[in-house]
1. Please work out which one of (1) open to solvent by 50 Å² or more (accessible area, probe 1.4 Å); (2) assigned to a loop (DSSP other than H, G, I, E, B); (3) farther than 16 Å from residue 71 by Cβ is the condition residue 24 fails and give its number.
2. Which condition does residue 13 not pass, out of (1) open to solvent by 30 Å² or more (accessible area, probe 1.4 Å); (2) assigned to a loop (DSSP other than H, G, I, E, B), if it passes all the others?
3. Note down all Cβ pairs under 9 Å where the first residue falls in the stretch 66-84 and is at positive phi, the second is of a type outside the set (D, E, K, R), and they're at least six residues apart or on different chains.
4. Exactly one condition in (1) open to solvent by less than 40 Å² (accessible area, probe 1.4 Å); (2) on the phi < 0 side of the Ramachandran plot is false for residue 54; which is it?
Amino acid sequence: CFVRIGDGPVSGLVHVSQLHAGRVESPDDVVNLDDVVYAKVVEVTREENEDPETGRTRVRHRVRLSMKYADQDTGEDLDPDHSRAENDASRSGGGGGGGGFRDEAADGTGGANSSLGQALSSNVGMAIAMDPGNLVLKG
């Protein structure tokens, strides 16, 4: 499920394994298009791609979100020390991002210390569910 954070252009992915603490067969079992939900920012990674024609570098941030670590009634952070999210990441191999790479050379944080990473890291906020072509959650 993709979600849009706030009113800006930033969106993120809530993987099916992060929709609910229990097993989820289909995202539709938990969330519907345009639902307003609470989502926790679990990871922000930075990706740079060079345009072969212009030589210009495009920087993009990928935001990984979790709904299972945010109480859906109150918005309370259910994993304030990240221990449960880190355990999930170690069991699943840390997830992926569709072949993107982390900018480890800059500061070793994969973009987490960028201004966007610092602004979003560990925050829980409201989001709006979107379909794959236009997924949005309000943050």
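The values are calculated or read from the model by the stated rules, or taken from the named source; none is laboratory data. Computed from a prediction, not measured in an experiment: that's the story for all the values here. Note that each Cβ is placed from the backbone with ideal geometry, even for glycine, and that neighbours are counted across all protein chains shown. Remember, those area values only see protein heavy atoms, side chains included, never the ligands or the DNA or RNA. Shrake-Rupley method; radii C 1.70, N 1.55, O 1.52, S 1.80 Å.
1. Single failed check for residue 24: (1).
2. For residue 13, the failing item is (2).
3. If the second residue must be of a type outside the set (D, E, K, R), the pairs left are 75/38; 75/124; 75/125; 75/126; 82/42; 82/69; 82/122.
4. Condition not satisfied by residue 54: (1).
Residue-by-condition table, conditions (1) at pLDDT 90 or above; (2) assigned to a strand (DSSP E or B); (3) among the acidic types (Asp, Glu):
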position	(1), (2), (3)
45	no, yes, no
52	yes, no, no
73	yes, no, yes
96	no, no, no
116	no, no, no
